[in-house]
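The values are calculated or read from the model by the stated rules, or taken from the named source; none is laboratory data. Being a predicted model, the structure only gives us computed values, none of them experimental. With ideal geometry, Cβ positions are generated from the backbone for all residues, glycine too; neighbour counts draw on all protein chains shown.
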């Protein structure tokens, strides 16, 4: 998916020029910083950042002619063989830019797909990423086949008109996509059997959701001692990890750590990872983990809720978990809603401060589920 361009730093890493436009968003500065983190997470070194303001994208090159020339100069001066846009660009815009600039062009969608491809570890995760990449590539096949020569068709020395190479590639992609979907469907059925067993056992199912790098996996380890991989990078976790844990006063429950979300998450990825995200869809309770130290935390909460709505998980009860309070000096604590249920917990998964308050919230949630499954019989008072 991610073709290695010729422009490299002395250390051998890929060198790129970054391009980001402000289209009037209030959080343009935060978007740019997040973009830089994405690029670094992909293992790309950037030497120049070209910024600009526009009312709308240019239909031909996304950027205006003056800005395209600025990008060309920046790529030449920094010896970069790659230009990455912090936006989704159309196949035609990508093709025009590559022709004009003479280097590889990536947009935000393909950058995120590349990171997912690097991070996927499980068999299912790799299948899901490949599916997303192929479905994205299918819309851009024409970029690589501008010649459209025809293959020789039929048999013998003359043959028929044959097929265009792009048609052959498209057919191969369709065939591979079908095979991937069949394999993912089988894995989905296996997970359904496991989920039904948990339902029969009336075990509370808890799923961690949140913006990428909010500290979900660190919290997951603090709760379950699972030793899941953690790193201060975007999309450190792609594969869903599920563990049983015991909470005094509540018994056993099941906790799942899932992939993090990000603004403008590609729809192809949401669709491809739908099977994995079903652990979120079918949970009894969501722990919505928020980086309390981030200045964009409110916007990140909105983005996560938007994706949860897309996958059908908007109505699942949530507890907001404000994580990383050790970075901004907040004290551990909890808040209850008007019904007396715990609605927010402030903690630090890294230091352990406040984690016991979250365990209390899980205890109350498990007790509520048990009470719902085993209602006390009503007493009948005879007159």
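Numbers below:
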{"quantity": "Residue check for residue 124: in contact (Cβ under 8 Å) with a residue 24 or more places away in the chain and assigned to a helix (DSSP H, G or I)", "calculated": "yes"}
{"quantity": "Complete set of residues in segment 246-260 that are modelled with pLDDT of 80 or more and buried (at least 23 other Cβ atoms within 10 Å of the Cβ)", "calculated": "253, 255, 257, 258, 260"}
{"quantity": "Candidates 175, 191 - the one that is assigned to a helix (DSSP H, G or I) and modelled with pLDDT of 80 or more", "calculated": "175"}
{"quantity": "Test: residue 290 is assigned to a strand (DSSP E or B), touching a strand residue (DSSP E or B) at 6+ places or on another chain (Cβ under 6 Å), at pLDDT 80 or above and surrounded by 22 or more Cβ atoms within 10 Å (Cβ to Cβ)", "calculated": "yes"}
{"quantity": "Residue match in segment 352-368 (condition: assigned to a helix (DSSP H, G or I), at pLDDT below 90, assigned by TED's automatic domain parsing to the domain that holds residue 214 and touching a strand residue (DSSP E or B) at 6+ places or on another chain (Cβ under 8 Å))", "calculated": "yes"}
